[in-house]
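This report refers to the structure that appears directly beneath it.
The values are calculated or read from the model by the stated rules, or taken from the named source; none is laboratory data. Since the structure is predicted, the reported quantities are computational estimates derived from the model, not experimental observations. Glycine gets a Cβ as well: all are built from the backbone with ideal geometry, and neighbour counts include every protein chain shown.
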């Protein structure tokens, strides 16, 4: 979904920020689509170390700058594009480092939106990859992106693309009846 969206992206490509870079897939796609510099952060030091090792001394290592940090870390510059692929399920208890890749705490989205508002350039785009998984599994009644938009203070919706998730294999032993209604979402927000 993100790759298809990038193919149609018409904005400036001087810089971008990939918050929670993980394996680097989204950052690699941005470089492939012409972004000059991508700043990537992640709270998992293993993700950062693994990416640095994988990139080595290649052209990618000159285009992608990595930081072991929460959300935006020390990045202060405005950028044309901020990308965030956060955890899709709310945490039921306190989180350890490994759990942060799967579950989000109640402060993650409010803090992210406040910081993103300070770093997104005037005509920039904020792209969030998310899912309705929390709502269909009854883990959460509210959708954090819809909640931010309903406030009507910082961002407004430019576009929301949704794609159904493939039904789980009949061979799985896990109860995944909800998979037929799961959708992956690509939210594009702009500053108000």
- Picked from region 156-182 (must be out of contact with any helix residue (DSSP H, G or I) (no Cβ under 6 Å at 6 or more places or on another chain) and in a helix (DSSP H, G or I)), the residue modelled with the highest pLDDT is 180
- Pick from region 16-29, criterion in contact with a strand residue (DSSP E or B) (Cβ under 9 Å, 6 or more places away or on another chain) and part of a loop (DSSP other than H, G, I, E, B), ranking: nearest to residue 71 (Cα to Cα): 20
- If a residue has to be surrounded by 12 or more Cβ atoms within 10 Å (Cβ to Cβ) and at positive phi to count, how many in region 2-60 make the cut? 3
- Query: Does region 30-86 hold any residues that are touching a helix residue (DSSP H, G or I) at 6+ places or on another chain (Cβ under 6 Å), free of Cβ contacts under 8 Å to residues at least 12 places away in the same chain and assigned to a loop (DSSP other than H, G, I, E, B), and which are they?
  - Reply: none
- Task: Quickly run through region 105-123 and pick out the residues that are surrounded by fewer than 21 Cβ atoms within 10 Å (Cβ to Cβ), touching a residue at least 40 places away in the same chain (Cβ under 8 Å) and not in a helix (DSSP H, G or I).
- Result: 121, 122, 123
- Collect the residues in region 124-139 that are within 19 Å of the chain's Cα centre (by Cα) and in contact (Cβ under 8 Å) with a residue 40 or more places away in the chain, keeping them in residue-number order. 124, 125, 126, 127, 128, 129, 130, 131, 132, 133, 134
- When restricted to 190, 153, the only residue assigned to a loop (DSSP other than H, G, I, E, B), farther than 30 Å from residue 45 by Cα and at pLDDT 90 or above is 153
